[in-house]
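The values are calculated or read from the model by the stated rules, or taken from the named source; none is laboratory data. Worth saying up front: this structure is predicted, and the values here are computed from it rather than measured. Every residue, glycine among them, receives a Cβ derived from its backbone with ideal geometry; neighbour counts consider all protein chains shown. In case anyone asks, the SASA skips ligands and DNA or RNA and just uses the protein heavy atoms, side chains included. Shrake-Rupley method; radii C 1.70, N 1.55, O 1.52, S 1.80 Å.
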Amino acid sequence: PVVGSGAVEFQGLSCSRVSCVPGCDPGVCEPTNCNATNMYRLRFFMYDGGACNPCTGQSDPFDVYPDDITSLFAYPIDIAVGGVPQEGVQDAGFFEWKGGNVSQQALEGDDVTYASHLAYNDLLPRPPRFVTTDMFGNVNVSSFGTAYISLAVGRPPLMAGYDFCVNAGESAGGTLCLSGTLSAPVVRGVCSFTDVFVRHPGPGWVLRYDWNGLSIDSEAFNVLPPAPLLQGIVFSDSFSSILFHFNVPTNHGEMEEVSDCSGFLSAASISRLGTAASCQWVTDYTLIATLGNGAGVEPGDVLEVDSGARLAASYHWQPVKQSGSALVRYQRVTIPGFESISLSSPQAEVPFCKPVMIPERLSVEAEATSRDDVSSSGVAEFSFDGDDYIIVLNYCRGLNCRYDPLIRFTTAEFDIDSVVYKWNKNGTLSHFQNIPTQGASGVKPFQIVDTRADGPPGITQFLAISNYQTRMAQGPCEKLLDCAPNVTIWSFN
């Protein structure tokens, strides 16, 4: 209403969108932040103004600033690649596509997240981050301090078997399945975690950010598998072909079943395979290049996976409904099916270059032999006072006892000796000692500081042997425990 003095006052008005956040970094606030073109103006209308009906007026330009900090805003995760650089996955981390966001799509139903059309040089690092905001969601850059990141406890991923990552009692506060630096500074309202990694690929992970008593969960996102790495190139046993081994299951480089190797190997490498050489994936991990006539590849020669090879890793999960509930979890499968979730890595950074190795196999170094009717159940190695030893557990003796620990009533002997051998410097074994055992089934060597017979306290070697069966007991054994002797502990003297 217009009061007698002609003044009008509007009460209870509020503005929920700021026009100026002083000190806000570019990329966090809009380009028009604190710009005169972004300032507010109020316009007034009076339709009962007598001669000037309607009467209008306009205020001077003014800015609206953020209110006090009451919440956090978490930026969506665009591309996440699982693994830890310190464990060999150099391309792990969080990214965004240079050309814009790569939609992760909904995590329900027919969900596919493919990044296999992208190479790593198409990606930019984009770490998980949040900003502090007022009650209307406006960025407030007056905040500083230290923030923390974890997986959201109590919000397991969609895939089965990984609840331990977010279990309140087992997950170390939701950090067990993360790696890197799990704290970061909040500077002028913005916090970025530039050294954090999710260890396990899979669908439906959720991050949690904590700062100054406030917390926010990210939107659920998928963690893609890391791109394939070429582990090695080796001749086959017959030297008629060459095997390329990768560390994760691949998409076969989008090759047909059998090809002339173009699109996978460089032209220079193909020319060394001989006339009519061919390439074929025999598993998702291994490609075989069959040599042609006039092949000129020798051990130690370097072959190159072509720079145009579109190698990526693909993992698949199939929905499984939990018995007695409506909960649907996803089980890892090798082949995608109906309503499955498929995650594909970015393309591997090619070319790969590695030397061709000769076939490597294990060869017999030494043999510990006994009677041919004795069944051995285990072996363990231990070292003491500069010498190496091997203990071989003998389970039973008799032609009808081997390889079956469930047989209890036979003519086999279970009360037989197990044997300790000394590993000599020339690679041979020599008999060291027999130890009486009763159906020996397990052994654990260990050392402790103990009083030794030959002097002051020092390191003493022990062997703990578990026994499964004996015939020393009288009469038939109604229960297994009636015939099972105690664990015996032997000390090295």
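Quick look at the numbers
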item	result
Selected residue (only one of 263, 253 is crowded, with 19+ Cβ neighbours inside 10 Å, within 23 Å of residue 315 (Cα to Cα) and small (Gly, Ala, Ser))	253
Matching option when the condition is aromatic (Phe, Trp, Tyr), open to solvent by 50 Å² or more (accessible area, probe 1.4 Å), modelled with pLDDT of 85 or more and over 30 Å from residue 350 (Cα atoms), among 47, 65, 75	65
Count of the range 275-290 residues which are open to solvent by 40 Å² or more (accessible area, probe 1.4 Å) and part of a loop (DSSP other than H, G, I, E, B)	5
Filter result (closer than 23 Å to residue 360 by Cβ and modelled with pLDDT of 90 or more) within the range 243-276	243, 244, 245, 246, 265, 269, 272, 273
Selected residue (only one of 126, 188 is touching a Phe, Trp or Tyr at 6+ places or on another chain (Cβ under 8 Å), among the basic types (Lys, Arg), in contact (Cβ under 8 Å) with a residue 24 or more places away in the chain and within 30 Å of residue 311 (Cα to Cα))	126
Test for residue 331: is it touching a residue at least 40 places away in the same chain (Cβ under 8 Å) and either open to solvent by 30 Å² or more (accessible area, probe 1.4 Å) or in a loop (DSSP other than H, G, I, E, B) (or both)	yes
Test for residue 306: is it in contact (Cβ under 8 Å) with a residue 24 or more places away in the chain and among the acidic types (Asp, Glu)	yes
Pairs where the first residue, in the range 352-364, is under 15 Å from residue 229 (Cα atoms) and the second is open to solvent by 90 Å² or more (accessible area, probe 1.4 Å) and not in a loop (DSSP other than H, G, I, E, B), C-beta under 9 Å, 6+ apart	354/231
Which numbered condition residue 247 misses (of (1) more than 30 Å from residue 328 (Cβ to Cβ); (2) under 16 Å from the mean Cα position of the chain (by Cα); (3) buried (at least 18 other Cβ atoms within 10 Å of the Cβ))	(3)
Residue tally, condition open to solvent by 20 Å² or more (accessible area, probe 1.4 Å) and assigned to a strand (DSSP E or B), over the range 291-308	3
Residue tally, condition part of a loop (DSSP other than H, G, I, E, B) and buried (at least 21 other Cβ atoms within 10 Å of the Cβ), over the range 178-205	3
Subset of the range 1-23 (residues that are in contact (Cβ under 8 Å) with a residue 24 or more places away in the chain, out of contact with any Lys or Arg (no Cβ under 7 Å at 6 or more places or on another chain) and open to solvent by less than 60 Å² (accessible area, probe 1.4 Å))	15, 18, 19, 20, 21
All positions within the range 172-185 that are closer than 17 Å to residue 82 by Cβ and either touching a residue at least 40 places away in the same chain (Cβ under 8 Å) or of a type outside the set (Val, Ile, Thr) (or both)	174, 176, 177, 178, 179, 180, 182
Residue satisfying all of: in the range 89-142; in contact with a Leu (Cβ under 9 Å, 6 or more places away or on another chain), at pLDDT below 80 and assigned to a strand (DSSP E or B); surrounded by the fewest Cβ atoms within 10 Å (Cβ to Cβ) among these	112
